[in-house]
Structure formats: C-alpha cells, structure tokens
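The values are calculated or read from the model by the stated rules, or taken from the named source; none is laboratory data. Bear in mind that the values here come from a model prediction, so they are computed numbers and not experimental data. For neighbour counting, all protein chains shown are included, and Cβ atoms are generated from backbone atoms with ideal geometry for every residue, glycine included. These accessible areas exclude ligands, DNA and RNA; they are computed on the full protein's heavy atoms, side chains included. Shrake-Rupley method; radii C 1.70, N 1.55, O 1.52, S 1.80 Å.
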Amino acid sequence: MKLWRHRKEAVSEAIVEVSTEDAFLSQMQTALNALPIGVIIYDSNGQERWLNLAGKIMIDQQRGHTQMTQAMSLMSGEAVNGHTSNMLVDIDGPPEQTLEISSVSLADDGALLMIEDIHEKIITDRVRTDFVANISYELRTPVGVLAVLAETIAREIDKADPDITGLARSVVQESHRVSRIIDDLLELAKIEFDGAQLQEQVSIEVIISEAIERVRAVATSNNILITSTEIDEKIVLEGDGRQLVSAVANLCENAVTHSTSGKQVHVGVTIERGFAIISVIDQGVGIEPNHLDRVFERFYRVDQVRSRQTGGTGLGLAIVRNVAANHGGEVNVVSTPGEGSTFSLRLPLRRR
Ligand code: ADP
C-alpha cells in the first residue's frame, strides 16, 4: 500500500512536470510571436527548426532576395559552429527596408538568427543629425561675428570702468565657448552622417604624434608631460586619418585637462589578434564608477563646473565613440577616482 502511494505520487509529479514544461514552451512561443523582431531557430545541422511570426513575414517578403538568402544561410551555418556575426542588408522595396541580422550560437547545439528592420531608426537618426548640422551651420556665422564684436568692445573699453571691462571679457569668453560647441556639433554630425569616408592607410605612429602635437601647448602650460610608446611606423590602420587623429586628440586633451600640474599622460599602443589598442593613460582626477557608462553620451559631464573651467564642450567622447564605431572598433574606459583613467581605443588593423 505504501509502495503504491509512493508510485502514484511519482507519476502525478511527472505529469505535472510535463504539463508545466508544455505550458512554459507555449508561453515562450507566444512571447516570441509577439516580438517585432524576426527570430529563427536552427538545429545543429543548420536546418531551420522554428521561426516566430515576424520572422515568417520577413522571410516571405524577402523570398527571392539573393543577398538576404545568402546572408542567412552563411550566418546560421557559422553560428552553429560557434562564430557569431552581424550584417546589414538593404532591401530596395517597396517597402524599403534595412534589415539588421545578428546570429547567436546556442549552448545546447544549434543557433538562432534575429532580424530587425532598422530603416525607420536610420531615417529618424538622419533627420536628427541633419537638423543639428543645419542649425549649427546657421549659428556659426552670427556667433563668429558676435565674438569679433565683443573682442573689439573689450579692446576699446579696456581703460574704462573695470567692471565693464570684466563684463566685456566674459562676453568674449562665452562667445568663443559657443563657437567651440558649434564646431564640435558640426564635426560630430559629419562623423555620424558620413561614416569613415576615407579608406586610407594611416600609420598609427603618425596618428599619435599628430594628436599629441594638438594638445602639446595646453599640456606645457598646465605643466603636464606627455609621452608615447615607440611604434613601428609601418603599422597602419585603414580608415579616415582626420577622424582617427581627432579621436586620439580628444582623449589626450581630456587626459591633460583632468590632470593636475606635474602629472604625466602616456599614450600606449599594443597589438592584439588583428586589433590595435591605443590607450591614453592619465594620473588625473579619475571618474566615479557610476559615471563610467554615461561619459560617452553627448553633453554628459561628471563635473559641470570643472568642464566649464577647462573649456570642454561635452561632445569630445561622443566624437571618439562615433569614430571608433565608424572604423569597426570601440572605446572603453577604466578609472580609479583620485588615481587616474585609461581610455582605450580598440581598432581593427584591417577592415572586415
Ligand atoms: P568635455 O568636453 O566636458 O571634456 P567629453 O565628452 O570629452 O566632454 O567628456 C565627458 C566628461 O567625461 C567630462 O566632462 C569629464 O567629466 C569626464 N572625463 C572625460 N575624460 C576624462 C578623464 N581623462 N579624466 C576624468 N574625467 C574625464
């Protein structure tokens, strides 16, 4: 009797387990079907096993589109073998689409592809970038004129009431500040919109020495020594030299302006599995951990007052992040408050 009861419990537990698993599976399918992103699951042989509703619609729409079919079969095949990737496929339409396909390897065999139409997002980004570029362009000339007028007034009234002279100097300073913000906004818009336009071979040694030259004067006047690793001038990056110099110069400028007199800034380079890592290391004020994720956002400043004093525009790191992305790379930071920060640009030596 006891044995029977025991068995009965085991059986009912098993039934509960199976039905819970079934219910969970159907819940998962309902959830995946509700997603706006296409999800396609492949078995370990690269055969399609299941796809959600969005995936089915996307595939039906793109049937016969060779680039799409080839991308999916290549990416799923590679992901089954553990190699994941991302790809953009432009569909002329109608409807015009830009499909971003990303692959994921599944731990227990097989793989999945995610397909997202990012066309609307690209259009919205472009409108925003255009707007910022147009408005900055329109403001550039009048602000330049204001700066010149303010300088003239400041010169003329130099011997007059010291209060008025002080006010005139503030107008000069502020107009130069607005000019710098406009210049950085235009540069950022160009970098975002055009991508890396040039695909030239640029020596890393040249990038670093040009970047250091740009900040040499500020470093000297702040009594900060800038050093750099010696690197073979034959080691090159492929991309837009002007953008790459601007990115490294922005990092160097931040390192200098966030360090106190007598400290050192070092620009180092290491080569790791097809990537060059350019690190700008300072012994400055450092950044608290809760700010680290946000410093690459435009106009984000850890210390508003300090940024104002150093003449920062709040756009430098956003420019660096965009330059890195344009070149298939990334920028990272590690920092210890009170000890210093290291910003590292990781860039592929050869574009994929
Ligand atoms: P900014 O023009 O204000 O320097 P950035 O976009 O270049 O703007 O940097 C954003 C913020 O990140 C800065 O205001 C500063 O608070 C912080 N930051 C950037 N670089 C450093 C650094 N090397 N050391 C400490 N803080 C830094």
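Could you say whether any residue in the range 162-183 is outside the structural domain of GLY144 (by TED's automatic domain parsing) and loosely packed, with under 14 Cβ neighbours inside 10 Å? Give the steps one after another, and end with the answer.
Restricting attention to the range 162-183, the residues satisfying the condition of being outside the structural domain of GLY144 (by TED's automatic domain parsing) are none.
No: zero hits.
Conditions (1) under 34 Å from the mean Cα position of the chain (by Cα); (2) over 25 Å from GLY328 (Cα atoms); (3) modelled with pLDDT of 85 or more, marked per residue:
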site	(1), (2), (3)
MET1	no, yes, no
MET28	yes, yes, yes
PRO36	yes, yes, yes
LYS56	yes, yes, yes
GLN61	yes, yes, no
SER85	yes, no, yes
PRO94	yes, yes, no
GLU100	yes, no, yes
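Can you say whether VAL132 is in contact (Cβ under 8 Å) with a residue 12 or more places away in the chain, closer than 13 Å to PHE193 by Cβ and open to solvent by less than 80 Å² (accessible area, probe 1.4 Å), as far as the supplied structure shows?
Details: in contact (Cβ under 8 Å) with a residue 12 or more places away in the chain: yes; closer than 13 Å to PHE193 by Cβ: yes; open to solvent by less than 80 Å² (accessible area, probe 1.4 Å): yes.
Yes; evaluated as a whole, the condition is true for this residue.
Among the hydrophobic types (A, V, I, L, M, F, W, C) and assigned to a strand (DSSP E or B) - does that describe any residue in the range 120-138?
No, every residue in the range 120-138 fails to be among the hydrophobic types (A, V, I, L, M, F, W, C) and assigned to a strand (DSSP E or B).
Identify, please: which residue in the range 260-286 is of a type in the set (Ser, Thr, Tyr) and either on the phi > 0 side of the Ramachandran plot or without any contact (Cβ under 8 Å) to a residue 60 or more places away in the chain (or both) and is, among those, nearest to the ligand (Cβ to nearest atom)? Please lay out each step first, then the result.
Step one: filter the range 260-286 for residues of a type in the set (Ser, Thr, Tyr), giving 260-261, 270, 279.
This time we only want the ones that are either on the phi > 0 side of the Ramachandran plot or without any contact (Cβ under 8 Å) to a residue 60 or more places away in the chain (or both), so: 260-261, 270.
Details: THR260: 11, SER261: 15, THR270: 19 Å.
Ranking the qualifying residues of the range 260-286, first place goes to THR260.
Please count how many residues of the range 224-240 are surrounded by 18 or more Cβ atoms within 10 Å (Cβ to Cβ) and either under 13 Å from GLU210 (Cα atoms) or within 16 Å of the ligand (Cβ to nearest atom) (or both).
Adding up the residues that qualify gives 3.
Determine if the range 160-172 includes at least one residue that is closer than 27 Å to VAL145 by Cβ, hydroxyl-bearing (Ser, Thr, Tyr) and not in a strand (DSSP E or B).
Within the range 160-172, the first condition is being closer than 27 Å to VAL145 by Cβ, and the residues that meet it are 160-172.
Those left that are additionally hydroxyl-bearing (Ser, Thr, Tyr): 165, 170.
Still in the running and not in a strand (DSSP E or B): 165, 170.
Yes, there is a match, as at least one residue in the range 160-172 is closer than 27 Å to VAL145 by Cβ, hydroxyl-bearing (Ser, Thr, Tyr) and not in a strand (DSSP E or B).
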